[in-house]
Structures are given as structure tokens and as C-alpha cells.
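Q: Questions regarding the structure given below will be posed in turn.
The values are calculated or read from the model by the stated rules, or taken from the named source; none is laboratory data. Quick caveat: nothing in here was measured; it's all calculated off a predicted structure. Backbone-built Cβ (ideal geometry, glycine too); neighbour counts: all protein chains shown.
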Amino acid sequence: MRPSFFLHLHPPSIPAQQARWRYTLGAGGISVLLSGVVLLSGIFLTFYYSPTVETAAVSVQRITYLVPLGWIVRGLHFWSAQALVVVASVHLLRVVMTGAYPSRRFNYLLGLGLFVLILLLDFSGYVLRWDEGIHWALVVGTNLLKTIPLGGSYLYGFVVGAQQPSGPTLLRFYGWHLFGLMLPFVFLTVWHLFRLRRDGGLVVPPPSLRRETARIKRFELVRREVFATLVVLSILLLLVAFFPVPIAAPILENSSLAGDASAPWFFLWVQGLLRFGDPFWFGIIIPAAFLTLLALIPYILGEPHPDELGRWFPQSGRRAQILFLLLFAFWLGLTITALRVK
């Protein structure tokens, strides 16, 4: 039997040891699957969503309560987007904790860039609800841009499209969501996967240092992927069925910040930082430094020894592991603190 096009997307075989779930956690493949669900469900939602301040929240309500199966499509879009943040974080953790970045520093940066785009896509999609549940996060989040010296006001106008959040803001965020962020996300995803395939797929020790020589064929790899796809889609459908997507009253003209005074969960750590002082330093500089340290891990902390590749926690990668865990603890602590005072 001749392999299909789908099979040709996979290498003929991969090392069995590094193909195990306990090594990869399936995070890379699940991230691609969730990205596809987000993209496909988002395309369907654009047929019914109306990006004006008068009709945006109403159109979301119409999708949820009146459009046939609209609540399922919106639920899939929402929960797959939330899950994508979590799974992409796990994927980043796996890459660092297994030292899977030697000779692939550029692809590591592509992956980190994709992670940033995921967060921005989630935030811009969050704003598109245009209801009281997002009002505080929209005003406070965009006002951080004004604190940037010299070009802050210009950047604010470029992103928001007005002197304060209003009709042009919603249309601007709609454009950012569909074109300014989603198109680069698709492009970088394809580039990231291309570089991964060109660099040889999973990171493994050189042939002379491998403890296990068994390999699995691409037919078995595809079978595992199909099984994982069914499991992930089943979990998403359960989330949609038992955990309704947030919905609130529309933002009215000149309304006060009466809604939920909190950022979306993936930016709660920034909200926690803002409680410590100056918005520019705690809302811009420290998050930027956090991201910079993540980007520099492959460049300043060296590479694991070749004989330690393909397994968790290589001893020669301890410094990178410690730095990443410190950054993770910093993020988690701020997020939990923000949740407790919410």
C-alpha cells in the first residue's frame, strides 16, 4: 500500500524511546490539534459575529442561544484556546527539561514567538466579546501601552484605534485577531513544523550513544495520533457540555468599570505585578525581562551533553532547568496571589 499524503507528513520512522508518551507528553502534537480546532471554529464564528459596539455582545448571545449548534462551536473555540495556552506551556517546559534545544536555537525562538502570539490571540478574542466581563481588562491592559516613554501614546493609538476604548477599538481588535495575529501565527506554525522536520524531528543522542535502537514506523505514529485526537476532542466536548463559556451584558456607551475587575487567567500574573508599583516597570519591563530570560536559555546556559539527549533532566542542563523552574514559580506565585485577592 502506498503511503497517503498525510502519512508523508511524518518521517518513515522515529526512535521508539523518544516517541513514548512519558517523554513527549504529546504536547507538541496536541498543540497543533488545538490550533486547528481554534482556527476552524473561529472561521465558523465569523459568519455570525458582528464587530460593532452595538451588536458585538448581542451577536455572541445569538451564537450561543439561537444559532443551531452555535454554543458548541463557540465552546470549542473558547476551550481549545484556553487549553492551547496550557499545552503550549507544557511543551515549552518539556523542551527545556529534556534539553531539546541544542543546534535548534532558532526553532526554540520560533516556538517562543508562537507562545506569545497564543497569549495575544487569546486576549484579543477575549476583548471581542465586548461585554462587562472584559471591560476592566481591556481598559487597564491597553492603558499599559501609554506608560511606555516617548512612543507610548502613538503605540496606544495604533493598537486601540482611538483615544479610549470605543467603536474603532473593537473593529481594530477584530482586525488584529483575524489578520494581525492569526496570519503570523499560521505562518510561524508552518515554519516551526518545517524546521522541526528539517532538523530531524525529535532530539535524540547520536546513533553510537543510543541505548535503545528500536524504532516505530509512521503507520504506528499516525495510529497513536488518531487515538490522541479522539481523546482530546472528547475532553473538549465534555468541557463544552458541562462548563458554559462566559457571557455577560454588553458594554454600554460611557459605562463605568462595573464588570469583573480582573485580567483573563493567563495574564493574572501581570495583574499581580501591577499591585507592587509603577505600571511601566511592573507591567512592561518585568514581563519583558521574563520573556527575554526564557529566550536566552539556549544561548547563555550551554547545551546538554550528546549522551544525555532524549531523556528528562539531563545533568548537564541543570542551570537551564533551575532558571526555568524559578521563572515558573515566579509566574505561578503571582497568579495564585492574584486569584486569592480577586
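Q: Evaluate region 198-211: report whether one residue or more is β-branched (Val, Ile, Thr), farther than 30 Å from residue 248 by Cα and surrounded by 16 or more Cβ atoms within 10 Å (Cβ to Cβ).
A: Here is the first cut: in region 198-211, the residues β-branched (Val, Ile, Thr) are 203-204.
Narrowing the set further to residues that are farther than 30 Å from residue 248 by Cα leaves 203-204.
Next, only the ones that are surrounded by 16 or more Cβ atoms within 10 Å (Cβ to Cβ) stay: 203-204.
Yes, the conditions are met somewhere in region 198-211.
Q: Would you mind telling me which numbered condition in (1) among the charged types (D, E, K, R); (2) surrounded by 21 or more Cβ atoms within 10 Å (Cβ to Cβ); (3) over 28 Å from residue 226 (Cβ atoms) residue 74 fails?
A: All conditions are met except number (3).
Q: Which one of 71, 79 is within 21 Å of the chain's Cα centre (by Cα) and modelled with pLDDT of 95 or more?
A: Details: 71 fails: within 21 Å of the chain's Cα centre (by Cα).
After applying the criteria, what remains is 79.
Q: Let me ask you something else. Please specify each residue of region 305-331 satisfying the condition of being part of a helix (DSSP H, G or I), in contact (Cβ under 8 Å) with a residue 24 or more places away in the chain, out of contact with any Gly (no Cβ under 6 Å at 6 or more places or on another chain) and not charged (D, E, K, R).
A: 306, 316, 320, 321, 323, 324, 327, 328, 330, 331
Q: Can you find, within region 99-157, the residue that is surrounded by the fewest Cβ atoms within 10 Å (Cβ to Cβ) among those that are closer than 19 Å to residue 264 by Cα and among the polar types (S, T, N, Q)?
A: Residue satisfying both the conditions and the ranking: 143.
Q: If I go through region 248-285 residue by residue, how many of them are modelled with pLDDT of 90 or more, assigned to a loop (DSSP other than H, G, I, E, B) and surrounded by 14 or more Cβ atoms within 10 Å (Cβ to Cβ)?
A: 1
Q: Which residues, taken from region 9-49, are buried (at least 18 other Cβ atoms within 10 Å of the Cβ), farther than 23 Å from residue 118 by Cα and small (Gly, Ala, Ser)?
A: 19
Q: Right, residue 288: over 30 Å from residue 59 (Cβ atoms), free of Cβ contacts under 8 Å to residues at least 40 places away in the same chain and not basic (Lys, Arg) or not?
A: Criteria met by residue 288.
Q: Scan region 217-232 and report the pairs whose first residue is at pLDDT 95 or above and whose second residue is surrounded by 14 or more Cβ atoms within 10 Å (Cβ to Cβ) and outside any helix (DSSP H, G or I), with Cβ atoms within less than 9 Å and a gap of 6+ or a chain change.
A: These pairs meet every condition: 232/26.
Q: Shifting gears a bit: Return the total of residues in region 40-84 being outside any loop (DSSP other than H, G, I, E, B) and either in contact (Cβ under 8 Å) with a residue 12 or more places away in the chain or touching a helix residue (DSSP H, G or I) at 6+ places or on another chain (Cβ under 8 Å) (or both).
A: 29
Q: If we scan region 16-39, do we find a residue that is of a type in the set (Phe, Trp, Tyr), part of a helix (DSSP H, G or I) and modelled with pLDDT of 95 or more?
A: The answer is no, given that none of the residues of region 16-39 is of a type in the set (Phe, Trp, Tyr), part of a helix (DSSP H, G or I) and modelled with pLDDT of 95 or more.
Q: How many residues, within region 138-186, are of a type in the set (D, E, K, R) and over 21 Å from residue 59 (Cβ atoms)?
A: Step one: list which residues in region 138-186 are of a type in the set (D, E, K, R), which gives 146, 172.
Those left that are additionally over 21 Å from residue 59 (Cβ atoms): 146.
Residues that pass the stated criteria total 1.
Q: May I ask you to verify whether residue 296 is over 28 Å from residue 152 (Cβ atoms) and part of a helix (DSSP H, G or I)? Steps first, answer last, please.
A: Details: over 28 Å from residue 152 (Cβ atoms): no; part of a helix (DSSP H, G or I): yes.
No.
Q: For region 98-216, please list each of the helices (runs of 4 or more DSSP H) lying entirely inside it that holds at least 1 residues being in contact (Cβ under 8 Å) with a residue 60 or more places away in the chain, closer than 28 Å to residue 315 by Cβ and among the hydrophobic types (A, V, I, L, M, F, W, C).
A: Output list reads 105-127, 182-198.
Q: Which of (1) more than 17 Å from residue 31 (Cα to Cα); (2) buried (at least 17 other Cβ atoms within 10 Å of the Cβ) is the odd one out, the single condition residue 92 does not satisfy?
A: (1)
Q: Only one of 53, 67, 87 is surrounded by 16 or more Cβ atoms within 10 Å (Cβ to Cβ), under 30 Å from residue 203 (Cβ atoms) and of a type in the set (A, V, I, L, M, F, W, C). Can you tell me which?
A: On the way: 53 fails: under 30 Å from residue 203 (Cβ atoms); 67 fails: under 30 Å from residue 203 (Cβ atoms).
Residue meeting the stated conditions: 87.
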